[in-house]
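What follows is a set of notes on a single structure, which appears directly below.
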Amino acid sequence: MIRQAAPLFCKILVIIAIITWTIYPTFAGERDEYVFAYKLFQEGAYFIAKDELKAFIQDYPQSADADDARFLMGECALHLEKYDEAIQHYKQLQIDYPDSPLRLDAVRGTATAWFRQGRYEEAIKAYEKVVESSDDFPVISHSLYLIGESYDNLGLYQKSGEYYGQVLTKYPLSDEASDAQYAKGWSLYRLKKYGEAHDALTDFIEKYPTHYAIPEASYRAAESLFNLGDWVKAQQAYQQVIDTYQQDEEHRQLAIDARFRLGECYFQQKLMGDAKNTFELLLREHGTSPIVAEAQYWIAEVLLEEAKYPEAIHEYQKVVTLYPQSEVIDDAQYGIATAYFLKGDYPKAGSEFKKVAENRRSALSDAARFRLGECFRLQREFNSAILHYKKVGAKSGYTDDALYGRATSAFELRDYSQTIEVLNALLSVQPSSPLRPYVLYQLGLAYFNQQAYQESSQALDSFLSENRDTHLETAPTDEALFWKARARFELEDYSATLQACEELLQRFPNSRLRYRAEFFIAESTYWREQTPQAYQSARQKYQALLEKQSQIAPDALGAEWAEKCRYGIGWTHFSEATLSQDSAKQQEHYQAAVSTWKEGLANHPNGALADKTQYHIGIAYVNLKQYDDGIQAFKQILSNYPGSDWGDNARYQTGWVFYKQERYPEAITAFNEMLKVHPGSQLVPRAIFGIANAYFKQGKYAQAIREYQRVVNKYPNPIREAGAEKAIDLRPEAQYYIAESFLNLQNYPEAIGAYEKVLQHHPKSEWADDAQYGIATAYENLGQKEKAIQAYRTLTQKYPNRELASDVQLQIGRHYYDQKDYKRAIAEFQNAINQYPETPAAWLAQYNIGKCYIALGSYRQAIGAFERVDSRSDFAATAAYEIGYAWYDQNNPSRNLGNAVKALLAVPEKYPQSVDVPRALLVAGECYKELGELDQTVAVYHRLLNDYPDSEQAQWAQLALGETYRAQEEYQQAIEAYDVIRERGTERYSVDIVIDGLLRLAETYSQIGQDRDAGTTYLRIRYLYKDYDPYRAFQATVYAADAFAKAGETLAQAAYTHQAKDEYENAIEFYESSVPQVQDAGERKKWDALYDYATNQLQQLFK
């Protein structure tokens, strides 16, 4: 796309040469030498000309034409494609002749050399310099155009377009304007801005009709329309290309390509006859063109689109047979398979897809593999389908389809765990997949079947929020609402169930799920609140639904929904009875429940709920304390409904009747009979629990533990069915009574372990508080008071007056402190002081109040609080230190270093053995340093180092001591201080302190002119600690190089300079090996800056 114009500065050079030789007198030899070299250049003898120009410069270095000669040497090298040499000459001109009128031409020549080398970033910078400095419009226009070309070659089409635009806007009459217009169209096309590309190319065609690029521009304009999907205009544009160039031998291929695209346009417009005729014309007229195979393929595609599957297969087969080397051979094979697939011949389709799938070099391999999986899925061979879906490439365009296929196949196999795993993987890999609605819907159903109701509801919520007004045949919104309602119902979120069901009824009044939704509205009304009003409302809904259904479809109502409604009505009476405190009303409602259920049995003696109804009649009798009637009702289940699912319940309740009557041996017998007859019943854990309770009541704790443990180990929560009484998780209670049994056996360690399992596995159960109390009791019985205190902490609000409550109260304050609720913490600590004065807990509370005020920024109040800490407290010394530090703290608006020093130095005087003394001395030293009292600073640090040499603060004091000596310009003493750190190293000091010490030691050496020692010290950091702190190792290497360079200059010894070069190179090498691991942008910037510095310094040394 580059138009190589004659350089304007060459024309200028001719004029300058003429003027120079006309105006300025000179010696004939000088003139002849220059003219000879210049003539050679003009004649294109660049190699010889370059040597003559070089000789001219050497012979006449002061000549007025020396700059011209140097410039022409660059031009010769440029013509000889010796670009690095050309750049060297151009740059030499700028150095040797800074005032030469050719200086800017040299910059431009440098840019041209870089451009031709493909070093476009450098070329851009040079051309930009030309643009900034030149006032010659043709030069500026040409440079702007080549900047655009450079960005284009870098693939930065947005930037290239901007520069082409500058040429067109500022220099519309320039020689580059036509090329810039054309190139701008290409940039927009590559940016996929097809509308703007079409406009730009159209403008180009209209403005420059004779330009050499008009044919390609015409075709590309049509391509832009094609990519915009404007098939009609694209068709017209392609036709114009065909009409214009089909007889033009040079551009004949464009016409052929345009005709092919014309066929595609017809195809997209569903003009299948025209499309087929166009492709057939290509076959007839251009039988030897490489494009005929694609034309043959598209003929088959047309037939496939018309659902003419046998004919399509025949035409695809022609591609396979006639053009076996064609690029569309795989497409044709895939098309054959697709035709069979659309015919519904899945075995044959699978066989054909397999041919493509097994060719891993084919771009359609993954698509075919996916379709092969589809073939097996549609034949209900789900395991085989999954195997093929798994073989689809992870980076293919069919990843989401394959994952979805795997998930639906696993769902059909009822492998819901695998379904969920795969669907979640799909959402993770391709969160914006077009399949997302179906994935969310299917995920909701899979979670529901897995009994993961919360996850089911969330997935369906996402589906509904993202697809509220979308109709999806295989993911209907009304069903999503219903299953969301069911999930919320199972989660006992009855308000959400009601909301979902009501939305279903409102939005989908004719849904086949309408009655079920209405029924669950009644069910949820029943379960939502345990109040008489809720039960009455539910009863009204059941009754209304019963009447409504009998009017609409009395026959259909029959044995199912009328029975369910009557059963629900009975339950509302039953539940209202359980809530009532009025004995008469209780009797009334239990009797009403019995009457309603008996009416249901009379109307539906063989109904699906008959045995269940009979069972609850027995329960109602038991609640009425009519135990004999209850037992008879249970027996009727066993006699009237042999094999009933409620047989286990009947036997189980019989055992409980005996238990309630305190007939424990008979209860155990009844429960054991239930276990024997119904070993797989969901009531097995309850029966075992009943046996355990019977043993516990008899004081047989070992037997009770055995049975309770069976419940805990083997039986998770029973599943509650809709409309049934709420399930009770027996495991917390069973685990609690295991602990109680051990407690009664005085086996306290086992009791504690059992109580802790309640808290660990059932922290929200009603037994958790009792278990916590039991732990405390057991620890007290064992005499382990501290653990008892820990156990009581959770009980302080319920048991505020128990022993050791003061410590519990203190812990509450600490909790709020940890939560950063400092005002509440202060209040709780003050409660400890008020309730338990003159106790260690009160003293510690006083100290903690001070810490709270520090956190709040109330320093005066904090100091006052610390001053009130009792001297007997273990925290007295710490409080004294905190007073000093509060005065020192830079956040204290009343900061006073004098007060700080006074308070801090009081700590070692009052509490010489306290662990707070070293840090008090360290901070005191910092205070003196800020006050400028450096002698006092040194004295405090020496006191800390002498009296507390093994403290952590002594490490920092050693480092700070060196800094203080440096501030005093006592450099030798500073070196001695830092040497202590260097000599003892990491055996005594932290790595950070050692590195800091070495850096400061090296800096001190530099300050006193000992650059060699400074360099050697810096190198210790790189060689010893580069793995610990790579950046500071890199930094130290560069500083070492600086030091050796300085030593080389000062001492005039080349060895140090050589060492400096080595260290700069070592630093650069270390950067290149280390910087890829630097992820943080800020850190990377530091590395880069130091690298640039080292590189520059190295270059300076080489110069």
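The values are calculated or read from the model by the stated rules, or taken from the named source; none is laboratory data. As the structure is a computational prediction, the values presented were derived from the model and not from experiment. Using ideal geometry, Cβ is built from the backbone for each residue, glycine included, and neighbour counts are taken over all protein chains shown.
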Of all residues being at pLDDT 90 or above and not in a helix (DSSP H, G or I) in segment 680-731, which is nearest to Tyr535 (Cα to Cα)? Just the residue, please. Gln698
Please determine, by comparing only the residues of segment 585-632 that are small (Gly, Ala, Ser) and touching a His at 6+ places or on another chain (Cβ under 9 Å), which one is farthest from Gln661 (Cα to Cα). Ala610
Counted residues, segment 582-611 - those being in contact (Cβ under 8 Å) with a residue 24 or more places away in the chain and of a type in the set (Ser, Thr, Tyr): 2
Within segment 317-350, tally of residues that are assigned to a helix (DSSP H, G or I) and surrounded by fewer than 15 Cβ atoms within 10 Å (Cβ to Cβ): 4
Applying the selection to segment 859-895, what residues are of a type in the set (Ser, Thr, Tyr) and either buried (at least 17 other Cβ atoms within 10 Å of the Cβ) or more than 47 Å from the chain's Cα centre (by Cα) (or both)? Tyr859, Ser871, Ser873, Thr878, Tyr881, Tyr885, Tyr888
When Phe1070 is run through (1) surrounded by 24 or more Cβ atoms within 10 Å (Cβ to Cβ); (2) modelled with pLDDT of 90 or more; (3) not hydroxyl-bearing (Ser, Thr, Tyr), the failure sits at (1)
Pull up segment 260-312, narrow it to residues that are of a type in the set (S, T, N, Q) and free of Cβ contacts under 8 Å to residues at least 24 places away in the same chain, then point me to the one that is surrounded by the most Cβ atoms within 10 Å (Cβ to Cβ). Thr278
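For Tyr441, are the conditions met, namely being aromatic (Phe, Trp, Tyr), within 26 Å of Tyr567 (Cα to Cα) and at pLDDT 90 or above?
Values: aromatic (Phe, Trp, Tyr): yes; within 26 Å of Tyr567 (Cα to Cα): no; at pLDDT 90 or above: yes.
The answer is no for Tyr441.
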Test each condition in (1) among the basic types (Lys, Arg); (2) surrounded by fewer than 24 Cβ atoms within 10 Å (Cβ to Cβ); (3) touching a helix residue (DSSP H, G or I) at 6+ places or on another chain (Cβ under 7 Å) for Lys184 and report the one that comes out false. (2)
Any idea which residue in segment 83-123 is nearest to Tyr151 (Cα to Cα), counting only those that are crowded, with 17+ Cβ neighbours inside 10 Å and of a type in the set (Val, Ile, Thr)? Thr112
Looking at segment 897-954, which of the residues that are within 48 Å of the chain's Cα centre (by Cα) and acidic (Asp, Glu) is farthest from Ala886 (Cα to Cα)? Asp950
Go over the candidates Ala1047, Ala1040 one by one and state the one that is at pLDDT 90 or above and either of a type in the set (Phe, Trp, Tyr) or crowded, with 17+ Cβ neighbours inside 10 Å (or both). Ala1040
Out of the residues in segment 124-144 that are touching a Leu at 6+ places or on another chain (Cβ under 7 Å) and free of Cβ contacts under 8 Å to residues at least 40 places away in the same chain, state the one that is surrounded by the most Cβ atoms within 10 Å (Cβ to Cβ). Tyr127
For residues in segment 896-934 being of a type in the set (Lys, Arg) and farther than 21 Å from Gln958 by Cβ, which is surrounded by the most Cβ atoms within 10 Å (Cβ to Cβ)? Lys902
Hey, among Gly155, Gly161, which residue is part of a loop (DSSP other than H, G, I, E, B) and of a type outside the set (D, E, K, R)? Gly155
Do you know which of the residues in segment 505-547 that are surrounded by fewer than 14 Cβ atoms within 10 Å (Cβ to Cβ) and part of a loop (DSSP other than H, G, I, E, B) is farthest from the chain's Cα centre (by Cα)? Thr531
If a residue has to be more than 11 Å from Ala920 (Cα to Cα) and assigned to a helix (DSSP H, G or I) to count, how many in segment 860-878 make the cut? 9
Test of understanding: among Glu673, Glu662, which residue is at pLDDT below 95, surrounded by fewer than 22 Cβ atoms within 10 Å (Cβ to Cβ) and over 19 Å from Gly647 (Cβ atoms)? Glu662
Regarding Ile147, is this residue more than 47 Å from the chain's Cα centre (by Cα) and either modelled with pLDDT under 95 or buried (at least 16 other Cβ atoms within 10 Å of the Cβ) (or both)? no
Given the structure, is Asp1013 without any contact (Cβ under 8 Å) to a residue 24 or more places away in the chain and in a helix (DSSP H, G or I)? yes
Some residue of segment 206-220 being touching a Gly at 6+ places or on another chain (Cβ under 8 Å) and at pLDDT 95 or above: yes
Result of the Cβ filter at 8 Å on segment 29-44, keeping first residues that are over 13 Å from Leu72 (Cβ atoms) and part of a helix (DSSP H, G or I) and partners that are at pLDDT below 90 and not acidic (Asp, Glu), at least 6 apart or interchain, is Arg31/Trp21
From Ala410, Ala402, Ala452, Ala480, grab the single residue that is over 23 Å from Lys391 (Cβ atoms) and touching a Phe, Trp or Tyr at 6+ places or on another chain (Cβ under 8 Å). Ala480
